[in-house]
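First comes the structure, then the notes that go with it.
The values are calculated or read from the model by the stated rules, or taken from the named source; none is laboratory data. Just so it is clear, the structure is predicted and the values come from calculations on it, not from any experiment. Counting neighbours? That spans all protein chains shown, and the Cβs are built from the backbone with ideal geometry, glycine included.
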Amino acid sequence: MGLSLRSARENERYLVAKKGHPLRGFFEDFSSALMGDELGREIAVIALPAIVALAADPLASLVDTAFIGQIGPVEQGAVGVSISIFNLVSKMFNLPLLNVTTSFVAEDASDKEILSDVTEVPLEPTSPTSATLLFMEGNGEQEVLNLQSKSPEKPFLPSVSSALVLGSVLGLVEALALGFLAGPILTIMGVGSKSPMRLPAVQYLAWRAIGAPAVVVALTIQGVFRGFKDTKTPLYANLWGNLVNVVLDPILMFALRFGVSGAAVATVLAQYIILGLLLWKLSQKVTLLPSHFSDLQFNHFLKSGGYLLGRTIAVLFVMTLATSMAARQGPISMAGHQICMQIWLAASLLSDSLALAGQAIIASAFAKQQYKRVKEASFRVLQIGLLFGIFMALLLGLGMPAVSRLFSADAGVLLVMSNLIPFVAATQPINSLAFVFDGLHYGASDFAYAAYSMMLLSVPSAAFLLIFPHIWGLMAVWVGLTLFMSLRLTVGIWRVGTAAGPWEFLRDNTEFDEPAA
């Protein structure tokens, strides 16, 4: 019996070795990564509008940073700490809700055939009480559906309504937390009552707290549209909102002399404009709230969201610890760190456009058991992610020295930035692939692995950040951030490369038959 079992295992290992490593697809057809075939077009349709939408908010933050830099390095450092605290409180719950919403809505939309590019065509109805809709699918095929109603009701998706209710509750909780706990958190972050950064930091946080509900609900609705594979609607909403932010910044900060409070007020107004636009567009597409409370799916969200909550806490703990260690180096070092961190995050988060494209496509394909589609989409977005990371590394490495003075005229801040530019640029390929792997895990609903692996790798990263900045200063903070992102990439490669969990199908590298429709 033991010999037979061992022979079976050896035979299995032989077959896997003969067929190739599960990651073999990443190295195949690399020259075709940017090819405009059907899969490439679908990725582009989702990712290109998303990359502009994702760029809009970081670019607006960079504009805020540039304006605040004209006030002084103390205010710039204070706002940097405040933004880190706002992200700590808001993103702790926002990101899990966003990613779970995207996956669940993608599954629901796939089941109910709700597509991102639905076009109503005034065809002649088949009866006085019927309406005819023409659905344009991603492959260009047309399907005509006759709905037996003169004004067909908008579809109800439990995942959409559940996400909206949870987002509203979380937004109010976050506003209260920011309003009442800002002082103690600032003290923990190294900005005590005697710090020159204390007053502007408190002022900025007090205003940003008012916008917390808008941030949470708007991000939740973006997750809904992502699940519909519609990234154009969030794009337009974010562009209009951030345009308002950029226009109001100099008016409120300098013309009306509100200083850092003016920057916060401009941001809050922009966030509520984005929320209003997204709610209006979503209300035209689906029923927002259920007729009965029992129709909601809180258990479904809370189970998977609980995993991602733990993961997000681990991420934010490391990022906030890095900011805290930078703040302890003084206002000048904190100001330079803040500028480089904003650029680093803005460039890296652009990879999220590829991650969400992969997540939406893969979640839909997994729901239909189309494993060939999952495999092709996964490796294609990874290939594009690597190319994008290399491009951003070259762009930042060559461009940042030339534009540094746009963010600060202080010689000390500029010196700090010049020392950190190599880190900002060189880590871009690592960051890009790490974010894309996150999207693959979410698309496969591999939330447990994403959570536990992140909690595990945050321990050595946090330990490094707690110890070495006291010895090497600000440079050690960025070495710690590089270590953190490298470990994130490693656990992503390990999961897919070992064909574990939902990726077990990669052990068979033959062509998969598509299930019948």
- prompt: On the given criteria, is Ile221 among the β-branched types (Val, Ile, Thr) and modelled with pLDDT of 90 or more?
  reply: yes
field: From Val459, Val496, Val436, residue being at pLDDT 95 or above and not polar (S, T, N, Q)
entry: Val459
- prompt: Within the bounds of segment 443-463, is there any residue that is part of a helix (DSSP H, G or I), surrounded by fewer than 22 Cβ atoms within 10 Å (Cβ to Cβ), touching an Asp or Glu at 6+ places or on another chain (Cβ under 6 Å) and of a type outside the set (Lys, Arg)?
  reply: no
So Gly412, is it touching a residue at least 12 places away in the same chain (Cβ under 8 Å), in the same structural domain as Pro73 (by TED's automatic domain parsing) and in contact with a Pro (Cβ under 8 Å, 6 or more places away or on another chain): yes
message: Within segment 254-271, does at least one residue satisfy the condition of being crowded, with 21+ Cβ neighbours inside 10 Å, under 20 Å from the mean Cα position of the chain (by Cα) and more than 29 Å from Val416 (Cα to Cα)?
response: yes
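Yes or no, residue by residue, for (1) in the same structural domain as Leu415 (by TED's automatic domain parsing); (2) modelled with pLDDT of 85 or more; (3) under 20 Å from the mean Cα position of the chain (by Cα):
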{"position": "His337", "(1), (2), (3)": "yes, yes, no"}
{"position": "Met341", "(1), (2), (3)": "yes, yes, yes"}
{"position": "Ala346", "(1), (2), (3)": "yes, no, yes"}
{"position": "Asp352", "(1), (2), (3)": "yes, no, yes"}
{"position": "Ala357", "(1), (2), (3)": "yes, yes, yes"}
{"position": "Leu394", "(1), (2), (3)": "yes, yes, no"}
query: Of all residues in segment 481-507, which are in a helix (DSSP H, G or I) and aliphatic (A, V, I, L, M)?
result: Leu481, Leu483, Met485, Leu487, Leu489, Val491, Ile493, Val496, Leu506
